[in-house]
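*Asks:* One structure follows; several queries about it will come next.
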Amino acid sequence: MSEIALKKQQSKSTGFQFKKKQMESLAKHLLLCSLLMIVLFPIVYIISISFNASGSIGSKLIPESFTLNHWKYILGIPYLDSATGKEVLSPFPILLWLWNSIKISSISAVMMLLLSTTSAYALSRFRFRGRQSSLLVLMIIQMFPNIMAMVAFYFMLDFLGGYFPSLGTDSHGGLILVYLGGTPFNIWLIKGYFDTIPKSIEESAIMDGCTKFQAFWKIVLPLSTPILAVVGLLTFINTFSDFILPSILLKSGDKLTFAVGIQIFISDAFSGRWGPFAAACFLGAFPISAIFFTIHKYIISGLAMGGTKG
Amino acid sequence: MTSKVLKLFLFSYLIAGLVLSLYLFNSTHVFMGVLSLVITVASGVIFFSKKAQAMRFMYPGLLTFVLFMILPIIFTVYIAFTNLSTGHFLSKERVLEILSSEKVIPKDAVSIEFDIFPGNPAVLVAYGLDGDYKTYLEEGSNIYNLQPFRDKLPEQAPLGPNEVFSKREFLETKRFVMPDGEILRYHRTDLLIQSKNRYILIDENTLKDTVTSLTWGADDESGYFKSGNETLAPGYYVLTGFKNFTSLFSDNRLNSNFFKVLLWTLGWSFLSVLFTFSFGTFLAIVINDKGLKLKSIYRVLFIIPYSIPFFISVLIFKGMMNKDFGAINQVLVELGFSKVPWLETPIMAKVSCLVVNLWLGFPYMFLVITGILQSIPESLYEAAKLDGAGRFSTFKNITLPLIMSAVGPLLVGSFAFNLNNFVGIYLLTGGGPPIPGATTAVGETDILISYTYRLAFEGGQGQNFGLASSIALFIFAIVSVLTLINFKLTGMGSDNQEAT
């Protein structure tokens, strides 16, 4: 066989291999795209419904005409209903519910950070009696979700509300208190991060006359901003997404969180309110989704392993 | 400087705590008083003792953790052993108070007309047979003494019936005492009527009924005042021992339902983990291909479902799975299939829950498995290639074992999460469809946590907090076992590092 023939054969075989690879990647793309179509269908569908003029639960998937009325409805802006010619203003305080959720989640997140960072610092830096067993207890307790004790929470807040109405049932303060019991998981996360900060930095500061608390406050905390941000945002997301506790503890319509409010809103009339519901879903989901994507790298890297939803 | 401010703050905090404790003691709320005192003293010791530096840092987190995690768990255990439920909400003391203040109007009751004259304070005038009586309606009192008077009536016109009616909530709680000791109560907008206590308290366990002349004795097993087979409402709560637990196992109707729920809870958690893990791994492996273009875009798009709060996604699915109008059946009909009763039959409802949960949960597994895959050194695959290993045997002998060795605790965690995945069940099916013939609110797709919720808070058939808490203890037990397994897997407490 001449050299040229050999080369030809070679190029033929690599060409064939190349084709095979290309076919394979084409097949993969086809597979992934069709999976994506199924996976993303509910999201695309709900966005389309939120602009769909017919906007009932049975409306066609591709809108025949476009409207902003559902958005006006949930944002509390009056609009003219073309069918009846009357001005419509939503009686549901959807924006207020969203604001309640944001308020409760932010306050919980900030207070959670305040409470768990100092504990985490003690567990990371001090060697005291009971440290090992504290760590073990934290490890165990963070497996137990607090909703198991929902009955107890209800009665505790009911009792507390007899003395401090703003911390009782049907109050945001009481709900936040209940969330603050969830420190163990956060202490665990933050302690892990503190362990990676070299002790020598604080030691030299203490040599220079810092107190232990100043070393913690002025040196360790600023160095830990990333983990504090992640823990704070995770707490925010988890609190925002909680359904069961607010549904038990909150009663009045203007105090509900977004999760409970929107569930009541749509459960009363599934077919009639589908359009506004779709818009509200987008409104509630978008900020949370955005926060999630800013911190999801930390979640993969195993920081939050096992502790988040999943 | 800061430390001075801090100390001042702490001092005022401690003093406020002591004052609060004293106040609570004084107002007979002993439990709150003790709690407040313990917290205050502990704070004082910890913040001002030189030795307790570590404790000082631990304290704030520890306190909320004890108050809102440990205490509720203890409290749940306690409630699980009581009959706290609709009709048994109050303590025995409170029930005695209520019963012994219950009023009846005797057959020969005297009624007297009255008027209210506005003013500050308003004046109530009762027109008795033997003359007029009046009293000033000052706020803050519950008992008003009617005094006889012979002067002229006030000059203003009295309140009309509607105005009196609008004050009835205020008036109904008041007693008006005649000089001879007869107690009158508000009856109509123009009438006060004589009334007396229905029950006479003989001792703390016995009430004498003045109407039927029965004797009601306290029965601390059922939490009622009883006379023969009849009971008085309201009942009170009592410790009932293991009654809630035995009723879960021995009461025939409840029994089968509880096991149904327990089995489905375990099955649902297991299948959810299996499905999300399989699909997540499959996707991670398909995308984790060096030659594949648009890899990072795929990764982001496939994570989107996970970034949306679950309650929103589940509610969207609930609408989409509506049998008659839902989008999924619309698509199916357009493709020439018939409508599927997604949420209506027991089997389909369970399948739907699992499908929706697969959608919610696979991205988490996908994320984590991708992380694991990226940490597998390329050299391992090159070595396998040199040894002539095919693609399947590389997967079987390298990729899968490496994934499995890292993923054990994660799967246990995911199992524990789904065990309590209330939103994934309750917002989709509400626990339904109902189990036929069930005596409590329970459905085919109910898991332990949604069953607990429905027993305690759904209320259609009364609220049973005792039974709900006893079910919560089963969740507690299962999670404990899972925690133990996780410890074994992560090697804490033993040397066994093998993951399965």
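The values are calculated or read from the model by the stated rules, or taken from the named source; none is laboratory data. Quick caveat: nothing in here was measured; it's all calculated off a predicted structure. Glycine also receives a Cβ, built like all others from the backbone with ideal geometry; neighbour counts cover every protein chain displayed. Heavy atoms of the whole protein, side chains included, go into the accessibility calculation; ligands, DNA and RNA do not. Shrake-Rupley method; radii C 1.70, N 1.55, O 1.52, S 1.80 Å.
*Asks:* Multiply the residue separation of B:Lys103 and B:Val5 by 0.36 nm, subtract the distance between their alpha-carbon atoms, and state the gained length in nm to one decimal.
*Replies:* Details: separation 98, 0.36 × 98 = 35.28 nm, distance 5.78 nm.
In short, 29.5 nm is gained.
*Asks:* Once you list every other residue whose beta carbon is under 11 Å from the beta carbon of B:Pro121, what net charge do they have if Lys and Arg are +1 and Asp and Glu are -1? Could the numbers behind the result be given before it?
*Replies:* Numbers: positive: none; negative: B:Glu138, B:Glu139.
Local charge sum for B:Pro121: -2.
*Asks:* Checking an interface number: how much accessible area is buried between B and A, summed over both chains, with a 1.4 Å probe, in Å² rounded to 100?
*Replies:* On the way: alone 29480 and 19020 Å², together 40220 Å².
Protein heavy atoms only, the B-A interface buries about 8300 Å².
*Asks:* Rounded to the nearest 0.05, what FRET efficiency do A:Ser271 and B:Phe242 give with R0 = 35 Å and r taken as the Cβ-Cβ distance? Could you check?
*Replies:* It comes out at approximately 0.15.
*Asks:* Let me ask something else about it. Extending each Cα 7 Å along its Cβ direction at B:Glu138 and A:Phe126, get the distance between those two points in nm, one decimal.
*Replies:* 5.5
*Asks:* Where the centroid of each part is defined by its Cα atoms, how far is segment A:183-224 from segment A:46-103 in Å?
*Replies:* First find each Cα centre; the distance between them is then 50 Å.
*Asks:* Please work out the FRET efficiency for the pair A:Glu87 and A:Val44, using the Cβ-Cβ distance as r and a Förster radius of 35 Å; give the result to the nearest 0.05.
*Replies:* In this case the efficiency is close to 0.65.
*Asks:* If packing is taken as the average number of other Cβ atoms within 10 Å across a peptide's residues, how do A:149-160, B:133-144 rank, most packed first?
*Replies:* Output ranking for A:149-160, B:133-144: A:149-160, B:133-144.
*Asks:* Limiting things to C-alpha atoms, what are the Rg and the maximum Cα-Cα separation (Dmax) for chain B, in angstroms?
*Replies:* Here Rg and the maximum Cα pair distance are 34.0, 119 Å.
*Asks:* A further question on this structure: If you take the Cα Rg of chain A and divide it by 2.2 N^0.38 Å, with N the number of residues, what do you get?
*Replies:* Dividing the Cα radius of gyration by 2.2 N^0.38 Å gives 1.40.
*Asks:* Is it possible to state the helix-based mean residue ellipticity at 222 nm for chain B, with each DSSP H run of 4+ residues giving -39500 (n - 2.57), the sum divided by total residues, to the nearest 500 deg cm²/dmol? What is it?
*Replies:* After summing the helix terms and dividing by the residues of chain B, the value is -17000 deg cm²/dmol.
*Asks:* Give me the distance in nm between label points sitting 7 Å out from Cα along the Cα-to-Cβ direction at B:Leu294 and A:Glu24, one decimal.
*Replies:* The answer from the label model is 2.0 nm.
*Asks:* Multiply the residue gap between A:Leu95 and A:Leu114 by 0.36 nm, knock off their C-alpha separation, and tell me the result in nm, one decimal place.
*Replies:* Between A:Leu95 and A:Leu114, full extension yields an extra 4.0 nm.
*Asks:* For the protein assembly as shown, which whole percent of the accessible surface, found with a 1.4 angstrom probe, sits on carbon and sulfur atoms? Walk me through the intermediate numbers first.
*Replies:* On the way: 25810 of 40220 Å².
With neighbouring chains kept in place, the figure for the protein assembly as shown is 64 percent.
*Asks:* Taking amide H positions as placed in the peptide plane 1.01 Å from N, state which residues far from B:Lys103 in sequence (5 or more) or on other chains have amide H under 5 Å from it.
*Replies:* B:Arg198
*Asks:* Right, something else. What accessible area per residue, rounded to a whole number of Å², is obtained for the protein assembly as shown using a probe radius of 1.4 Å?
*Replies:* 50
*Asks:* In segment A:199-278, what trypsin sites (Lys or Arg not before Pro) fall in a loop by DSSP, with at most 12 other Cβ atoms inside 10 Å?
*Replies:* Loop-located and lightly packed - A:Lys251.
*Asks:* What's the angle, to the nearest 10 degrees (0 to 90), between helix B:346-375's Cα axis and the longest principal axis of chain B?
*Replies:* 50
*Asks:* In debye, nearest 20: dipole of the protein assembly as shown around its Cα centre with unit charges on the Cβ of K, R (+) and D, E (-)?
*Replies:* On the way: 62 positive and 52 negative charges, 761 e Å.
Value, rounded to 20: 3660 debye.
*Asks:* What is the extension gain from B:Val177 to B:Ser12, computed as 0.36 nm multiplied by their sequence separation minus the C-alpha to C-alpha distance, in nm to one decimal?
*Replies:* Result for the pair: 54.7 nm of gain on full extension.
*Asks:* Also, quick follow-up: Summarise the partner chain shielding of B:296-309 as one whole number: the mean count of Cβ atoms from other chains within 10 Å of each residue's Cβ.
*Replies:* Average per residue, whole number: 6.
*Asks:* Once phi is turned into ³J(HN,Hα) by the Karplus curve 6.51 cos²θ - 1.76 cosθ + 1.60 with θ = phi - 60°, what whole-Hz value does each residue of segment A:64-78 show in order, with x for glycine and proline?
*Replies:* 8, 9, 9, 8, 10, 4, 4, 5, 4, 4, 6, 8, x, 9, x
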